[in-house]
Amino acid sequence: MRASVGDEVVVESGHVAGAVRRGTVVEVHHPDGTPPFLVEWAESGERTLVFPGPDTRIVPAERPAP
C-alpha cells in the first residue's frame, strides 16, 4: 500500500453497521510512499501514526494534470 500527502485513508469497521473512520495523510515517512503514514482524522482532528491493516484503503487525492 502506498500513499501521498493529501490522500484519504478510510478504515472500514469489521462489524456490520460499524463506524468508518476517515482521515487525511499529512505526512509520509518513506520516499516510496509506504507506511507508516501520519493521518489527521476527520472526526476528531487528532493525528496518529497509521500502519494500515487489511480493513484500510487509500483514496488518492485529486491532483491537477501536469
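Among the residues of the stretch 3-54, those that are of a type in the set (D, E, K, R), surrounded by 12 or more Cβ atoms within 10 Å (Cβ to Cβ) and modelled with pLDDT of 95 or more comprise ASP7, GLU8, ARG22, GLU27, GLU40, ARG47.
Being among the basic types (Lys, Arg) and touching a Gly at 6+ places or on another chain (Cβ under 6 Å) holds for only one residue in ARG2, ARG22, ARG57, and it is ARG2.
The values are calculated or read from the model by the stated rules, or taken from the named source; none is laboratory data. Nothing here was measured: the structure is a model prediction, and the numbers come from that model. Every residue, glycine among them, receives a Cβ derived from its backbone with ideal geometry; neighbour counts consider all protein chains shown.
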